[in-house]
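A short worksheet on the structure shown next.
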Amino acid sequence: MLGKELLVRLDSETAKEIFTRLYGESGIEAAYQRYSSLIEEYLRDKPGWFPYTRFPEASGDIHVFTSPGRTELGGNHTDHNQGKVLAASIQLDAVAIAAPRHDNLVFLRSKGFPDTEADISDLTMQPSEKGTAAALIRGIAFEFKKLGFSIGGFSANAASLVLPGSGLSSSASLEVLIGKIFDCFFNKGKMSALQIAQIGQKAENNYFGKPCGLMDQVACASGGAVAIDFKDLANPVVTQVDFDPAALDFALCVVDTGGNHADLTADYAAIPAEMKAAAASLGKQVLRELDLKTVISNSVQIRKAAGDRALLRAFHFYNENDRVDAMLSSMEMMNRAALTEEKQKFLASFMEQVNSSGNSSWELLQNIYAPHYPLEQGISLALALTRNYLQSRCKNRGVCRVHGGGFAGTIQAYIPMDSINGYRDHMESIFGPGSVTVLNIRPVGVAELEF
């Protein structure tokens, strides 16, 4: 659609319906301002504003893409050993205004970050690009070509509300956004959400240099709440689940403790490595190929080969898989229950599993603080403060757990709706203004938007 026409369409009833679905009624005006600003910047062509015109396609059709962040609901650090997880896409997203180019250059401008250029006529991994957006672009393009799909250059003007370090998977959101653009521009949108997610993960593992699992990308690509079983990595089972904490009178929120993520890559990498080392000591590649009974009966061998912490993390893996099954069952029973009393019973069971997940991450998985930064324990403090608040102010209604990778970053909490304002004030007085974010589960994953 031509840019000026698209600006007009943003004020239409169709656009309001789209914005309501993505961000809720309260987010319509902010979405309009955000999208229109990105489009106007794309169309702007002032001498000297760019070193040279970065968006030469602005006079033709331009396209709008959105990719959500995600929240992990259950299954902390299980995906990389072919475990089970629960996750959901959220209203915080990355938006890109983009158009295909006539060369092999991908140009990405993202608000708050340096411009990124990647010439995808060369798809070899560039060691100097590790840890950058250029590495992700090149890695995603490589995977497209490897699978026999087409690629080409494009220019994009983007802005993301999924801030780095927020624990809401800004990198996965960007990866599936780039993948969706390649898919729509050069492959007629033929790829599935799962394919786009798998490509993003491989690019992050191999080109970006981070050994992540697949949960984040699948959740961002799929939309809504999803249960994912990674037993078969090539064909994980993704099940949509109807889940809305707000309808159950709870605010689902994350608290950013402001921890330093520098030098934590080794801590993140050690978790899958130690779990796999435990499996390898018994002749297997991942823990999913074994069961807890076998692991316990071979504890001496595992301790000798991989260490005590690897064995504790293996215990977490198996118990967390069982918790995901129990949480999913509670969700499904809540949706079937006709009476409020029944819903509350299954909600209590769900909350019990969330709390158990948090305890296991703290005690067995041990990803609450970095061992080499023992004095920096923002996540431990946030969990302790939240538990105290729920006990003293909410009659123990609500639960909390570590969120995502851990070591630094965010916790997740379910807070009664009538207490969320007090909780926000309390936590922000300690961790700073804006540290508490209430999440809404949005039903739309990565997508091109048609206005």
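The values are calculated or read from the model by the stated rules, or taken from the named source; none is laboratory data. Owing to the predicted nature of the structure, the values given are computational and were not obtained by experimental measurement. Here Cβ is always computed from backbone atoms with ideal geometry, including for glycine, and neighbour counts include all displayed protein chains. To get the accessible areas, we keep the full protein, side chains included, count just its heavy atoms, and leave off ligands, DNA and RNA. Shrake-Rupley method; radii C 1.70, N 1.55, O 1.52, S 1.80 Å.
Some observations on this one:
- Which numbered condition Thr239 fails, given (1) surrounded by 16 or more Cβ atoms within 10 Å (Cβ to Cβ); (2) of a type in the set (Val, Ile, Thr); (3) closer than 26 Å to Leu174 by Cβ: (1)
- Scoring Thr265 on the criteria (1) at pLDDT 95 or above; (2) surrounded by fewer than 21 Cβ atoms within 10 Å (Cβ to Cβ); (3) among the β-branched types (Val, Ile, Thr) leaves a single failure, condition (1).
- Number of positions in region 331-342 that are assigned to a helix (DSSP H, G or I) and open to solvent by 40 Å² or more (accessible area, probe 1.4 Å): 7
- Tyr414 meets all of the listed conditions (1) in contact (Cβ under 8 Å) with a residue 60 or more places away in the chain; (2) closer than 17 Å to Tyr268 by Cα but one, namely (2).
- Condition check for Ala348: hydrophobic (A, V, I, L, M, F, W, C), farther than 15 Å from Asn76 by Cβ, open to solvent by 50 Å² or more (accessible area, probe 1.4 Å) and part of a helix (DSSP H, G or I): yes
- Test: residue in region 160-171 that is modelled with pLDDT under 95, among the polar types (S, T, N, Q) and open to solvent by less than 10 Å² (accessible area, probe 1.4 Å): no
- Single unsatisfied condition, Ala384 versus (1) within 23 Å of the chain's Cα centre (by Cα); (2) surrounded by fewer than 16 Cβ atoms within 10 Å (Cβ to Cβ): (1)
- Residues being open to solvent by less than 40 Å² (accessible area, probe 1.4 Å) and either of a type in the set (Lys, Arg) or in a helix (DSSP H, G or I) (or both) - total across region 365-381: 4
- Residue match in region 308-330 (condition: over 23 Å from the mean Cα position of the chain (by Cα), outside any helix (DSSP H, G or I) and touching a residue at least 12 places away in the same chain (Cβ under 8 Å)): no
- Every residue from region 386-410 that is under 18 Å from Ser166 (Cα atoms), in contact with a strand residue (DSSP E or B) (Cβ under 9 Å, 6 or more places away or on another chain) and of a type in the set (Gly, Ala, Ser): Gly404, Gly409
- Of the residues making up region 285-307, those that are outside any helix (DSSP H, G or I) and exposed (fewer than 15 other Cβ atoms within 10 Å of the Cβ) are Gln285, Asp291, Gly307.
- Region 112-159, residues that are aromatic (Phe, Trp, Tyr), open to solvent by 30 Å² or more (accessible area, probe 1.4 Å) and more than 30 Å from Thr257 (Cβ to Cβ): Phe142, Phe149
- Looking only at residues of region 402-436 that are under 15 Å from the mean Cα position of the chain (by Cα) and assigned to a strand (DSSP E or B), we find that the one that is surrounded by the fewest Cβ atoms within 10 Å (Cβ to Cβ) is Gln412.
- Top-ranked residue of region 331-347 - restricted to ones that are closer than 19 Å to Ala225 by Cα and free of Cβ contacts under 8 Å to residues at least 60 places away in the same chain, ranked as farthest from the chain's Cα centre (by Cα): Ala337
- Against the criterion of being closer than 24 Å to Ile62 by Cβ and touching a helix residue (DSSP H, G or I) at 6+ places or on another chain (Cβ under 9 Å), Ala99 qualifies.
- Count of region 248-277 residues, restricted to those that are more than 22 Å from His372 (Cβ to Cβ) and among the aliphatic types (A, V, I, L, M), is 5.
- Any chance Ala234 is closer than 28 Å to Glu376 by Cβ, surrounded by fewer than 21 Cβ atoms within 10 Å (Cβ to Cβ) and free of Cβ contacts under 8 Å to residues at least 12 places away in the same chain: no
- Scope region 383-401; condition in contact (Cβ under 8 Å) with a residue 40 or more places away in the chain and touching a Phe, Trp or Tyr at 6+ places or on another chain (Cβ under 7 Å); matching residues: Gly398, Val399
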